[in-house]
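Participant: The following block contains the structure, expressed as structure tokens.
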Amino acid sequence: MESPFITKDGCYVLCPSCKTPLTESVEERRMVQFKRSARVREPVPCAACRMDTCRDAPLEMPVAKAGGWTSCVHCKTGLLETALYCHHCEKYQKEPFER
């Protein structure tokens, strides 16, 4: 699993569609396309959801707030340690709490 990209100010850059942290290679390609004219941009798909990361503005989450980085127990897609649900395979990491 490729490590997530962390900005100089200590933030993960998240996919605008699935909120998964972008990997370093995806963020590099996204920035190259971002600097090009909107008419000639090529799509840069997210590694998790395969949606184009150039269509909307990405989100940022501070690393300290996010915590650590782990893999989904089902599909091995990268997730934050605090994640309860994987949006890639649509499964809970643990059985959900029920009353």
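The values are calculated or read from the model by the stated rules, or taken from the named source; none is laboratory data. Here the structure is a predicted model, which is why all the values come from computation and not from measurement. Note that we place each Cβ from the backbone using ideal geometry, even for glycine, and neighbour counts take in every protein chain shown. These accessible areas exclude ligands, DNA and RNA; they are computed on the full protein's heavy atoms, side chains included. Shrake-Rupley method; radii C 1.70, N 1.55, O 1.52, S 1.80 Å.
Participant: Per-residue HN-Hα couplings for region 44-60, Karplus 6.51 cos²θ - 1.76 cosθ + 1.60 at θ = phi - 60°, whole Hz, x for Gly and Pro?
Facilitator: Ordered by residue, 3J(HN,Hα) equals 10, x, 5, 5, 8, 9, 6, 7, 5, 7, 8, 6, 10, 6, x, 9, 10 Hz.
Participant: So which GluC sites (Glu not before Pro) in the chain end up in coil per DSSP with only 11 or fewer other C-beta atoms within 10 Å?
Facilitator: Values: sites: GLU2, GLU24, GLU27, GLU28, GLU60, GLU81, GLU90, GLU98; in loops: GLU2, GLU81, GLU90, GLU98.
The qualifying sites are GLU2, GLU81, GLU90, GLU98.
Participant: What percentage of the solvent-accessible surface of the chain, computed with a 1.4 Å probe over protein heavy atoms, is contributed by carbon and sulfur atoms? All intermediate terms of the calculation are to be shown ahead of the outcome.
Facilitator: Working: 3680 of 6960 Å².
Heavy-atom surface of the chain belonging to carbon and sulfur, 1.4 Å probe: 53 percent.
Participant: Follow-up question, since we're still on this one. Rounding to the nearest 20 debye, state how big the charge dipole of the chain is about its Cα centre with +1 on each Lys and Arg Cβ and -1 on each Asp and Glu Cβ.
Facilitator: Working: 15 positive and 13 negative charges, 61 e Å.
For this selection, approximately 300 debye.
Participant: Mean-square fluctuation check for the chain, GNM, Cα pairs under 10 Å: which of ARG50, ARG29, ARG39 is largest?
Facilitator: With Cα springs under 10 Å in the chain, the top fluctuation among ARG50, ARG29, ARG39 is at ARG39.
Participant: Once Rg/Rh (Cα atoms, Kirkwood Rh) is worked out from the coordinates, which option in (1) 1.06; (2) 0.96; (3) 1.01 does it equal?
Facilitator: (3)
Participant: A follow-up question, please. For the chain, build the charge dipole from Cβ charges (+1 Lys, Arg; -1 Asp, Glu) around the Cα centre, then report which of GLY78, VAL40, THR7 sits farthest towards its positive end.
Facilitator: Projecting each Cα onto the dipole axis, the largest value belongs to VAL40.
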